[in-house]
Amino acid sequence: MPGMPTQFDMFSDGPTAETDTSIDLPPKRPVGRGLNEKEMVAHLVDTGRYRILKKLVPRQIASEIRPQFLLKGVILDTETTGLNHRRDEVIEIGIIAFTFDEQGCIGDITGVYGALQQPGIAIPSEITRLTGITDEMVAGQRIDLETVDAMIRPADLVIAHNAGFDRPFCEALSPVFASKAWACSNAEIDWSARGFEGTKLGYLIGQAGFFHDGHRAVDDCFALLEVLDRSAKHDVLSPFAELYRSSQRSRARIFAEHSPFDMKDHLKARGYRWSDGSDGRPKSWWIEVDETALDNELSYLRSDIYRYPDADPPIKHLTAFDRFRA
């Protein structure tokens, strides 16, 4: 109405209502018929105002295994009664077996297994809150170790999203895991360089454009498989190809034993972690680096930490067969 003052929008970054007379209309829809599902999704995405998540549909076990994929991999996930592999127990395991080639291309699903197991104690309420697994669900349930062993034994690579957690629990569950090469999809892929904002599986699957029914080990394995097999527009390698190459590189674990106490903040800031010696490692700050970065890291320790050119901290050389052990 003439003379009526215009309301000022404190939250607008653009022009005020006095100057902005445009109306934000959605793109025109096709005339004469309704939109099918594919068109609706495209219509919403094209507006630039929506991101659509697609429900992840688990891949099926292949009826025929393609011969060009000669290598065998396994993705696994465990749920446990706690964080200590010496005291706590596995209450669920999920396993997906698949084939892949030397270039890191994923082939066919060859097997799927998931099972619950009743522990020797009541499941802590915090674990039930995190996993959804109750005492009633696991009552009388057992993991079939013959099936587990049959799936793990032929594997060239075992993958977990937190291998440092899963490997010790799996080795306590069955000796078949001890002789396997392991890879960690959390630690051995540069997710940040791929545009991901976090490394938790929930972040990865959401930013990859999917949602899934979480809290079941097999479901999480299928979700991780899809993320690993995803190729972004500008990626030279898929995440799985990067992970496979990373697993083939040797690593060096350096223990900054007897480092000066007043240097602890410098070590921590550089990425060193503290070992209290309870797991058999030296009681010291430590870091794990690629073999190619070993000389540079030793130079840093000698010049900035020990300030002694002949300092010789303990070093352990690791391959995928050694990494992520307890």
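The values are calculated or read from the model by the stated rules, or taken from the named source; none is laboratory data. Note that the coordinates shown come from a computational prediction; the quantities given were computed from them, not determined experimentally. Backbone-built Cβ (ideal geometry, glycine too); neighbour counts: all protein chains shown. To get the accessible areas, we keep the full protein, side chains included, count just its heavy atoms, and leave off ligands, DNA and RNA. Shrake-Rupley method; radii C 1.70, N 1.55, O 1.52, S 1.80 Å.
Looking only at the stretch 34-66, how many residues end up being surrounded by 10 or more Cβ atoms within 10 Å (Cβ to Cβ) and closer than 22 Å to residue 223 by Cα?
So the answer is 12.
Going by the structure shown, is residue 149 among the acidic types (Asp, Glu), modelled with pLDDT of 95 or more and closer than 25 Å to residue 56 by Cβ? Write out each step before concluding.
Details: among the acidic types (Asp, Glu): yes; modelled with pLDDT of 95 or more: yes; closer than 25 Å to residue 56 by Cβ: no.
When the stated conditions are applied, residue 149 does not pass them.
Please work out if residue 325 is touching a Phe, Trp or Tyr at 6+ places or on another chain (Cβ under 9 Å), free of Cβ contacts under 8 Å to residues at least 12 places away in the same chain and open to solvent by 30 Å² or more (accessible area, probe 1.4 Å). It would help to see each step written out before you state the result.
Working: touching a Phe, Trp or Tyr at 6+ places or on another chain (Cβ under 9 Å): yes; free of Cβ contacts under 8 Å to residues at least 12 places away in the same chain: no; open to solvent by 30 Å² or more (accessible area, probe 1.4 Å): yes.
In short, no.
Please determine, by comparing only the residues of the stretch 166-181 that are assigned to a helix (DSSP H, G or I) and out of contact with any Phe, Trp or Tyr (no Cβ under 7 Å at 6 or more places or on another chain), which one is surrounded by the fewest Cβ atoms within 10 Å (Cβ to Cβ).
Result: 175.
Which residues, counting only those in the stretch 182-212, are farther than 15 Å from residue 164 by Cβ and either in contact with a Phe, Trp or Tyr (Cβ under 8 Å, 6 or more places away or on another chain) or touching a residue at least 60 places away in the same chain (Cβ under 8 Å) (or both)?
Residues satisfying the conditions are 196, 197, 198, 203, 204, 205, 206, 207, 209, 210, 211, 212.
Filtering the stretch 219-260 down to residues that are among the polar types (S, T, N, Q) and assigned to a helix (DSSP H, G or I), which residue is farthest from residue 157 (Cα to Cα)? Working first, answer last.
First, the residues of the stretch 219-260 that are among the polar types (S, T, N, Q): 231, 238, 246-248, 250, 259.
Right, trim to assigned to a helix (DSSP H, G or I) and you get 246-247.
Working: 246: 12, 247: 9 Å.
Result: 246.
Could you figure out which of (1) at pLDDT 95 or above; (2) surrounded by fewer than 14 Cβ atoms within 10 Å (Cβ to Cβ); (3) in a loop (DSSP other than H, G, I, E, B); (4) not polar (S, T, N, Q) isn't true of residue 279?
All conditions pass for residue 279, except number (1).
Search the stretch 112-165 for residues being outside any helix (DSSP H, G or I), polar (S, T, N, Q) and more than 25 Å from residue 72 (Cα to Cα), and hand back the single one that is least open to solvent (accessible area, probe 1.4 Å). Give the steps one after another, and end with the answer.
Step one: filter the stretch 112-165 for residues outside any helix (DSSP H, G or I), giving 112-124, 132-134, 139-144, 153-162.
Filter once more, keeping what is polar (S, T, N, Q): 117-118, 134, 141, 162.
Applying the additional criterion that residues be more than 25 Å from residue 72 (Cα to Cα) yields 117-118, 134, 141.
Working: 117: 20, 118: 89, 134: 40, 141: 79 Å².
Per the stated criteria, the residue is 117.
Rundown of residues vs (1) within 21 Å of the chain's Cα centre (by Cα); (2) of a type in the set (Val, Ile, Thr); (3) closer than 23 Å to residue 185 by Cβ, yes/no style:
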position: 79; (1), (2), (3): yes, no, yes
position: 91; (1), (2), (3): yes, yes, yes
position: 113; (1), (2), (3): yes, no, yes
position: 118; (1), (2), (3): no, no, no
position: 154; (1), (2), (3): no, no, yes
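May I ask you to say which residue of 215, 266, 258 is in contact with a strand residue (DSSP E or B) (Cβ under 9 Å, 6 or more places away or on another chain), at pLDDT 90 or above, open to solvent by 50 Å² or more (accessible area, probe 1.4 Å) and of a type outside the set (A, V, I, L, M, F, W, C)? Before the answer, list the steps.
Details: 215 fails: at pLDDT 90 or above; 266 fails: in contact with a strand residue (DSSP E or B) (Cβ under 9 Å, 6 or more places away or on another chain).
Answer to the check: 258.
Of the residues 99, 78, which single one is outside any loop (DSSP other than H, G, I, E, B), in contact with a Lys or Arg (Cβ under 7 Å, 6 or more places away or on another chain) and either surrounded by 14 or more Cβ atoms within 10 Å (Cβ to Cβ) or in contact (Cβ under 8 Å) with a residue 40 or more places away in the chain (or both)?
Numbers: 78 fails: in contact with a Lys or Arg (Cβ under 7 Å, 6 or more places away or on another chain).
Unique residue meeting the criteria: 99.
Taking residue 73 as the residue in question, decide whether it is at pLDDT 50 or above and outside any loop (DSSP other than H, G, I, E, B).
Working: at pLDDT 50 or above: yes; outside any loop (DSSP other than H, G, I, E, B): yes.
Taking the combined requirement at face value, the residue satisfies it.
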